[in-house]
Amino acid sequence: MRFTNFIIIILVLSGCSHVKPDSTFMDGIPQLGFTISYACFLNQNNGIIIGRHQEYNDSISTQYRNSIEIYMSSNKGAQWLLKSKFYFDDLTHIGNTIKSDSYLLTPLFSQSGDAYLLRITYAPEYSAKLTSTGQTRFYPIAFKNNLLYSVADFKDEHNLITMDSSYYVINSVPSPSLSQSLLGKDEMIAIKRYVRNNNVFVLDKNGQWGISTCPVSPEFIAELEDGICISGITESNGVEVYFYNQSIHNPLLIYSSNDYTFVKELITDKEDTIILVLGYTSGIFMKYKLVISNNSGKDWETFDIPNSELYAACSIYGNSIYLFLTNNCLIQYRIS
């Protein structure tokens with residue numbers, strides 16, 4: 001009986017890696033009132049953080065100012081320098097950030113209903129600019145060949161707009177409300193996050209929208225070298241990830257678990273590495289695990305995250321995965 005119990009314990013432990021990650025304190029990041037909204041590594045040395053900072057008045061603790069702050073590091077995340085700061089007292093929230101080869105685009109929304117676009121250029125030189133879009137809803141969803149694709153609200157209707165580098169609208173077509181998108185050779189594949197439905201939207205080269213049914217309620221969509229993957233929540237509140245190779249109509253289940261209740265993050269290296277940050281409830285806290293596949297979802301490995309309830313953002317560069325925590329800790333996992 002003892003031998004049987006020993007075998008069971010070994011099998012349970014084998015599903016989770018106990019590799020100890022490297023940990024670095026991120027000097028220069030504010031330790032109070034700062035929330036990381038987006039972070040990534042641009043190469044093995046240089047990283048960038050976009051965050052919201054709530055600064056309190058030293059003499060009157062109930063008074064504070066909000067700002068958007070951008071920090072950069074050139075020494076693998078150990079030291080960070082403030083590059084730009086935009087005061088934004090009536091900021092409501094920061095939208096999803098999309099990344100191109102040379103800049104980041106982030107929508108910002110104010111209490112008055114105005115939508116702004118924050119463009120952070122990091123190559124060949126750094127610059128940051130905040131632009132009013134003139135719309136109440138403005139969601140960048142994709143970028144390709146110096147063209148920005150965004151969902152905007154024109155006369156209470158959603159439109160997919162195509163803009164040049166000066167943000168001049170060069171095309172507009174009616175569209176569903178969308179959150180995230182990928183651009184293929186002849187079509188756009190998009191999802192609507194935070195809505196419990198199973199729709200995947202496809203815009204063909206003729207400007208016609210089609211709808212496909214995903215086996216899960218989509219939360220994230222990401223590109224792989226030989227297809228795409230979509231992660232989402234099942235009807236029983238589990239988590240599943242599907243791979244699509246040639247057709248959006250033929251999904252292949254590559255990951256499934258009932259140990260987690262939502263997907264916090266899905267990112268890829270656009271080749272064959274898939275990274276999931278999956279959430280679950282532990283007492284009064286939401287905690288997270290890191291789940292990784294290096295072969296397009298054929299095999300998976302689970303990693304513990306120290307102080308995972310403090311998770312803020314995830315990034316991948318080369319063979320390293322970086323997790324940013326709200327206590328200014330940067331955790332690096334090296335993958336083979």
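Gyration tensor analysis over the Cα atoms of the stretch 189-246 returns equivalent ellipsoid semi-axes of 20, 15, 8 Å (largest first, whole Å).
Suppose every K and R has +1 on its Cβ and every D and E has -1 on its Cβ; what is the size of the dipole of the stretch 232-336 about the Cα centre, in Debye to the nearest 20? Intermediate values should be presented prior to the final figure.
On the way: 6 positive and 11 negative charges, 34 e Å.
So the magnitude is around 160 debye.
How large is the Kirkwood hydrodynamic radius of the stretch 214-336, counting all unique pairs of alpha carbons, in Å? Don't jump to the answer; show the numbers that get you there.
Values: mean 1/r = 0.0682 Å⁻¹.
Computed over Cα pairs of the stretch 214-336, the Kirkwood hydrodynamic radius comes out at 14.7 Å.
What number, in percent, do you get for the relative contact order of the stretch 89-157 if the mean sequence gap of Cα pairs under 8 Å and at least 6 apart is divided by its residue count? Relative contact order here is 24 percent.
Take the alpha-carbon positions of the chain, form their convex hull, and give its projected area averaged over all directions (one quarter of the hull surface) in nm². Let's see the in-between values first.
Details: hull surface 79.7 nm².
For the chain, the mean projected area of the Cα convex hull comes to 19.9 nm².
Taking the charge dipole of the stretch 188-245 about its Cα centre, with +1 at Lys and Arg Cβ atoms and -1 at Asp and Glu Cβ atoms, the residue from I230, Y194, P218 reaching farthest to the positive side is Y194.
For the stretch 144-221, the equivalent ellipsoid derived from the Cα gyration tensor has semi-axes of 22, 14, 12 Å, listed largest first.
Using a 1.4 Å probe, what is the accessible area per residue for the stretch 33-162, in Å²?
Working: 6390 Å² over 130 residues.
Roughly 49 Å² per residue, with all protein chains present.
Out of every Cα pair in the stretch 262-331, what percent are spaced more than 15 Å from each other? Percentage above 15 Å: 52.
Note on the stretch 73-100 and the stretch 291-330: Cα centroid distance 20 Å, given to the nearest whole angstrom.
The values are calculated or read from the model by the stated rules, or taken from the named source; none is laboratory data. Small disclaimer: the values here were computed from a predicted structure and weren't measured. Positions of Cβ are generated from backbone atoms using ideal geometry, with glycine treated the same way; all protein chains shown enter the neighbour counts. Calculation scope for accessible area: heavy atoms of the full protein, side chains included, ligands and nucleic acids excluded. Shrake-Rupley method; radii C 1.70, N 1.55, O 1.52, S 1.80 Å.
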